[in-house]
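Here the structure is laid out as structure tokens; the discussion comes afterwards.
The values are calculated or read from the model by the stated rules, or taken from the named source; none is laboratory data. If you're wondering where the values come from, they're calculated on a predicted model, not measured in any experiment. Using ideal geometry, Cβ is built from the backbone for each residue, glycine included, and neighbour counts are taken over all protein chains shown. Accessible surface is based on the protein model in full, side chains and every heavy atom, while ligands, DNA and RNA are left aside. Shrake-Rupley method; radii C 1.70, N 1.55, O 1.52, S 1.80 Å.
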Protein chains: 4
Amino acid sequence: MLRAGIIGVTGYTGSELVRLLYAHGGVELSYVTSHSHAGRQLSEVHPHYLGIIDPLCRSFSAEEASEEADLLFFALPHGESMHLVPGLLEKGRKVIDLAADFRLKESARYRKWYEKEHSAPQYLTEAVYGLPELKGEEVKKASLVANPGCYPTSVLLGLAPLAAEGLLDWQTLVVDSKSGASGAGRNPSQALHFPECAENFKAYRVAAHQHSGEMEQELSALAGEELSFTFVPHLVPMVRGILSTIYLRLKSRRGEDEIRELFSGYYAGKDFVRLLPPPLVPETSAVYGSNYCDIALKMDERNGRLVVITAIDNLVKGAAGQAVQNMNLMAGFEENRGLKTVPIKP
Amino acid sequence: MLRAGIIGVTGYTGSELVRLLYAHGGVELSYVTSHSHAGRQLSEVHPHYLGIIDPLCRSFSAEEASEEADLLFFALPHGESMHLVPGLLEKGRKVIDLAADFRLKESARYRKWYEKEHSAPQYLTEAVYGLPELKGEEVKKASLVANPGCYPTSVLLGLAPLAAEGLLDWQTLVVDSKSGASGAGRNPSQALHFPECAENFKAYRVAAHQHSGEMEQELSALAGEELSFTFVPHLVPMVRGILSTIYLRLKSRRGEDEIRELFSGYYAGKDFVRLLPPPLVPETSAVYGSNYCDIALKMDERNGRLVVITAIDNLVKGAAGQAVQNMNLMAGFEENRGLKTVPIKP
Amino acid sequence: MLRAGIIGVTGYTGSELVRLLYAHGGVELSYVTSHSHAGRQLSEVHPHYLGIIDPLCRSFSAEEASEEADLLFFALPHGESMHLVPGLLEKGRKVIDLAADFRLKESARYRKWYEKEHSAPQYLTEAVYGLPELKGEEVKKASLVANPGCYPTSVLLGLAPLAAEGLLDWQTLVVDSKSGASGAGRNPSQALHFPECAENFKAYRVAAHQHSGEMEQELSALAGEELSFTFVPHLVPMVRGILSTIYLRLKSRRGEDEIRELFSGYYAGKDFVRLLPPPLVPETSAVYGSNYCDIALKMDERNGRLVVITAIDNLVKGAAGQAVQNMNLMAGFEENRGLKTVPIKP
Amino acid sequence: MLRAGIIGVTGYTGSELVRLLYAHGGVELSYVTSHSHAGRQLSEVHPHYLGIIDPLCRSFSAEEASEEADLLFFALPHGESMHLVPGLLEKGRKVIDLAADFRLKESARYRKWYEKEHSAPQYLTEAVYGLPELKGEEVKKASLVANPGCYPTSVLLGLAPLAAEGLLDWQTLVVDSKSGASGAGRNPSQALHFPECAENFKAYRVAAHQHSGEMEQELSALAGEELSFTFVPHLVPMVRGILSTIYLRLKSRRGEDEIRELFSGYYAGKDFVRLLPPPLVPETSAVYGSNYCDIALKMDERNGRLVVITAIDNLVKGAAGQAVQNMNLMAGFEENRGLKTVPIKP
């Protein structure tokens, strides 16, 4: 039994980790913390755990964490884990960080997108960007995995085969993403207040979202050239799900079927990427509660533009599910263990 | 491996059975049928099954059904299974019927609430009303289980301890239930058209819903007297979930704590009933996707009236999950096998 | 032109007042205040007013208020207007208070339900409980109108004809109400956070909601006997609307048609009460954005119980619309001026 | 009083016309038809009209229509009005067609996008494409106005100033639109069935939506060159609202402020276009129930790309409201009469 810990269990990604690890079967949830609810049982904060799994929430202690867990998931707000993770790595623990702290390779890029100084820049290069379909082998050997953001997961899986093949004409690239409200986390805010968010659709952080940093970093690495693109996220009046609609031209002409074969080969053997046969198009409800990423391709022949559409559950493939997938790789489990479930629909 | 069949796999309850049986581990899904989509793979109708489990939908044949499955779930519209089930029982197959056809013990009651003649009345007494928390021992020995309706599950679990204890003053009993839209099934209709159903709340079949028949039958049996009550269902703009608010006076005075103890004893050892400690009240999202029934009790001291509130997922504890729970009992599995999952929240 | 002021313009009821007064045509919005946004234009807080009507939000000053407005709407959180209203009344201004401060006639009742001492009890008897269908004549002469709560409006309109006729057997009375989320106001909270409130249905303040106080007071007065009843409110995942399902027995036997005639006579000439012909039942979307209260009646013959169902828009007939209706009466306008609009559906 | 008729009153756009014309004050609704509900009162189909305005739905008769109305709104499914409108025009009646039948100037373009032959091609050039902010003068003189589609309204208002100024580099143009479910009309379908549409987000008709035809026609005319672009519509789980996110490069370099001034000048005096000051971005709830089109501009300096975001209510500015605006121009009313209302929010 792997002893796993969750630092920050009462937020949405922390709570989702409990759900998935409970179903996993090979993991003991040995240590969980909550800053705001230390000393309470998890079910006092999230009553839906009552009678199922109900660990005590503790205050974080680096010593206890390293003694009581072999691997630790960090599910804290951005900017906190960089202060805590190094201590645990030094004690030989493995860490999967669901925040943005270790996703960027260069401290300058971190500064640019998060507008503060990184406190542990020496770990930035060591950390593996944990998108397992692209970096499975590196993840297996990693001590520190930076779990990708929700938007980046949906975008990179839709573009990786093209970038790796040198087909991505990045100057034509536009990414229009739409997310359910759980992506913004559990803290109440005016924008997420039900009467303001229901029956409403809007864009936010137009061409200025911090996830651009990691997306451009990873795409540039795949493409072998420094690139950037326009990214606009939107808020959908639903709880879970991200759908990204990606527009680009190719560096050299390919037919829709050729592109589909390219994707099909690139993701061969990858359980959680589903390339939809036409005329199917992704919809977020078809991946609800699951670790799947659905992808469809459509060539707009009239304009010589490829449209790639992807859908994920932001809390699963976009966060906790992907973290468990990374844990499986790091700890020697089958990659899909505990994650091969049917989406809940309707 | 138990070989299980689903008759009517493409409706919501049939589809939910596939999801749950896939996670069960002790069952082979050996035979599935669909009247409207015979000859197609399940994923052609429900793309979210793509790459996970994808049986061929066949036309129903009594002969094939009895040869290829040991136990059959019937998930057809009301009024159809009574024509097909007897043939399978005669061939020694076990049947769990998710429709209303075998829930009522008397053909007169069936005629009253469904306004037609029953075609196989001789099976009405043989069928076990499959609410496992109340009738687990009978279900274990049954060949034919009538799976309870969604509203009745939420109401009977909230009233059974009181009725069995002789405390239920039925002349004061009022049941106000609220259901998500999936309870009405998969066929499009004006009332369930998104623009009419979203941002809307309404009552329907006021004091005239056919589920009154089975609720009154089962409560009468528990209470040992013929009773009836006022039942009003409502439609909530959400997909899944039923919440029932139940109002009654007791035949003799009891404190809230005494009633809570009564419930606690009655459901001791029943995994799927959760009695919430005050001040918690049930909410449908806390049982989403799961087989749990959450119950809270509140004595309105000012008016001498007890309020019982229950919440279930109508497609799980109210349909497919309860059917799998019944299958577990009939086939000798652990009662909670495949069903002990954490609700998906948020 | 009547000069009207709104104290607390940035909350949901204050903002709705602006919408309705803009459409009224006989009113000049001469003075508006906001504690939290003083010094800003309304459109800086609520951009949907941009380019339409955009008053400056000021800090409240009793002197300015009384100088610049003839009639003042108070749309503050409960417990604040009782400190401010007396000063304005003494200067001869008319006041409509949308909070609960002046709804209860006795300070003891206020203390019981709001758990604090009233600071201006001498005004409690002077204030008119502003349900215009019942108290239109008193409202016309009033200086201080206490605008009813949203739940009470939906319940009292459904029961007044019965109470006035002496038919209400209050010991059998149960009221099960369901409200959209805007009823809880504009301040973010965990319970109203979109991911917690969407796809969810729950009860709250079970048999303990403070609106019981005013409902029981008014019903008792109508019935001529002190009465109480069980009231359970619920939260619906929608923005606007209240539907109340009311269960009771009558003191003497009446047929459904007789009751319908009673209601029809009681509300003759009342524009905003619509008695629905069977088999229509109220739905909240049919009154969306409007000042109507829809009512349906159904006798459950099997149990000798009458079911009354009512629907209103909680922000209009349940708050700002009713306040404008009261203003019309107080200021000598036609009662329905500015309010005779078609509900927005779908 | 202008006598107005509505052909096809029971669909969503027909019904919305009744709501708006009732509030107009200068129009008598003298003739309404419904194919499916002829002989019934409007309130029998749409109970929310009960007691407010309740015309009898008749079967369409060209003779009665021309006798009883001066101006007729056609709100029929696409492909029907082209058979009926010519007869009325010949009798001197004015017509506003809300369907697509007369929007395209060339029958070849009609054939391409609607895949059938036009039956009255001689009227295609006569019809004025009724986007009043662009063609107000033509509309005033028109006998036949083709009311623009909902998506085209949201897109053309966002691009017209750029196209007219010769700045639009159409080869870089990508339009990503998102619509509420009421845009698909009142007929139930699997895709719009509440359990399938709620908690779900998806694209549809990817790069193949028939509205491309009219958008490209009108933009080409404005730009003075034949152009095309990639257009992908999406379905949002809400009732009303369209938000379009538009991406493009300019033919010559301009700063964000210069573009804002260009828009500001172009729409000077146009009541229903609101250019939002930064950092405001449009949201559909800010135009709910109203005739406004909100627009924001953002220059993505990193990629030299302009992002234009627009929001409308698809049933008002995208259909019935725009039709009333056209009627006002054709009949000599003030352009904004009956339409200057505050959006309903929340």
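Less than 5 angstrom separates the built amide H of D:V273 from those of D:C293, all sequence-distant by 5 or more or on a different chain. Could you give the C-alpha radius of gyration of chain C expressed as a fraction of 2.2 N^0.38 Å, taking N as the number of residues it contains? With N residues counted in chain C, Rg over 2.2 N^0.38 Å equals 0.96. In degrees between 0 and 90, to the nearest 10, how far off the longest principal axis of chain B does helix B:321-331 point, with axes built from Cα atoms? Here the helix axis deviates by roughly 70 degrees.
A simple charge model with +1 on the Cβ of Lys and Arg, -1 on the Cβ of Asp and Glu and nothing else charged puts the dipole of chain A at about 420 debye relative to its Cα centre. Around the amide H of A:G241, modelled in the peptide plane, lie the amide H atoms of A:G180, A:N314, A:L315, all under 5 Å away and 5 or more residues distant in sequence or on another chain.
Projecting 7 Å from Cα along the Cα-to-Cβ direction, the label point of B:K112 sits 4.1, 6.8, 7.6 nm from its equivalents in the other copies, listed shortest first. If you average 1/r over all unlike Cα pairs in segment D:111-269 and invert the result, what Kirkwood radius do you get in angstrom? When all Cα pairs of segment D:111-269 are included, the Kirkwood radius is 17.3 Å. Using only Cα atoms and rounding to the nearest 10 degrees, what angle (0 to 90) does helix D:12-24 make with the longest principal axis of chain D? Approximately 80 degrees, to the nearest ten. With only the Cα atoms considered, segment D:256-300 has a convex hull volume of 64 Å³ per residue.
Of the residues C:E283, C:E80, C:E133, ranked by 1.4 Å probe accessible area with the largest first, the sequence reads C:E80, C:E283, C:E133. Computed over segment D:19-160, the quotient of the alpha carbon radius of gyration and 2.2 N^0.38 Å is 1.11.
Computed over chain B with a Gaussian network model linking Cα atoms closer than 10 Å, the most mobile of B:K105, B:K135, B:K94 is B:K135. When D:E214, A:E335 are compared by accessible area at a 1.4 angstrom probe, the order from most to least is A:E335, D:E214.
Computed on the Cα trace of the protein assembly as shown, the radius of gyration divided by the Kirkwood hydrodynamic radius gives Rg/Rh = 0.96.
Taking A:N187, A:N314, A:N326 as the candidate residues, the one with maximal mean-square fluctuation in a Gaussian network model of chain A, Cα springs under 10 Å, is A:N187. Could you check how much of the accessible area of chain D is carbon and sulfur, as a whole percent, using a 1.4 Å probe? Roughly 47 percent, rounded to a whole number.
The other copies place their C:H78 label points at 4.0, 4.1, 5.3 nm from this one, listed shortest first, where each point is 7 Å from Cα along Cα→Cβ. Only beta bridges with both residues in segment A:2-126 are counted; by DSSP, about 5 percent of them are antiparallel.
Whole-Hz Karplus values for segment D:27-35 come out as 10, 9, 7, 9, 7, 9, 10, 8, 5 Hz, taken residue by residue from phi with 6.51 cos²θ - 1.76 cosθ + 1.60 and θ = phi - 60°; glycine and proline positions read x. Bridges between two residues of segment C:151-314, per DSSP, are antiparallel at a rate of about 75%.
Copy A relates to copy D by a rotation, and the A residue whose beta-carbon is nearest that axis, with the distance in whole angstrom, is A:D176, 2.
Mind scanning A:K116/A:K270; A:K112/A:K202; D:K94/D:K135; A:K345/B:K91; A:K317/D:K298 and naming the pairs with a C-alpha gap bigger than 28 Å? Going by Cα-Cα distance, A:K116/A:K270; A:K345/B:K91; A:K317/D:K298 fall outside the 28 Å limit. With Cα atoms defining each centre, segment D:1-78 and segment D:291-346 are spaced 24 Å apart in the structure. Say R0 is 35 Å: what FRET efficiency, to the nearest 0.05, do A:S61 and C:Y204 get from their beta-carbon distance? Here the calculated transfer efficiency is 0.40. Sorted shortest first, the separations between the A:H35 label point and its copies elsewhere in the assembly read 2.9, 5.8, 6.2 nm; each point sits 7 Å from Cα along the Cα-to-Cβ line.
What the phi angles of segment C:233-240 give under the Karplus curve with 6.51, -1.76 and 1.60, with θ = phi - 60°, is a coupling list of x, 10, 10, 9, x, 8, 7, 10 Hz, glycine and proline written as x. As I understand it, the dipole of chain A uses +1 on the Cβ of Lys and Arg and -1 on the Cβ of Asp and Glu, about the Cα centre. Which of A:N200, A:L297, A:L219 lies farthest toward its positive end? With unit charges placed on the Cβ atoms, the residue in question is A:N200.
Per residue of peptide D:164-176, the mean number of Cβ atoms on other chains within 10 Å of the residue Cβ is 3. The modelled label-to-label distance between D:E261 and C:A108, using points 7 Å beyond Cα along the C-beta direction, is 7.3 nm. Between segment C:196-244 and segment B:171-211, the C-alpha centres lie 21 angstrom from each other.
With a Förster radius of 60 Å applied to the C-beta separation of C:E137 and A:Q171, the computed FRET efficiency comes to 0.20. Coupling constants for segment A:267-272 follow from the phi torsions by the Karplus curve (6.51 cos²θ - 1.76 cosθ + 1.60, θ = phi - 60°), and in residue order they are 9, 4, x, 8, 4, 9 Hz; glycine and proline get x. Per-residue ellipticity at 222 nm from helix content only, as computed over chain A with -39500 (n - 2.57) for each DSSP H run of at least four residues, stands at -9000 deg cm²/dmol. Using only Cα atoms and rounding to the nearest 10 degrees, what angle (0 to 90) does helix A:256-266 make with the longest principal axis of chain A? For helix A:256-266, the angle is close to 30 degrees. With all protein chains in place and ligands, DNA and RNA left out, the 1.4 Å accessible area ranks A:L192, B:L76 as B:L76, A:L192, largest first. Remark: mean inter-chain Cβ contacts per residue of C:270-281 equal 3, using a 10 Å Cβ-Cβ cutoff to other protein chain atoms.
Given a 1.4 Å probe and the protein chains as shown, A:D169 ends up with an accessible area of around 40 Å².
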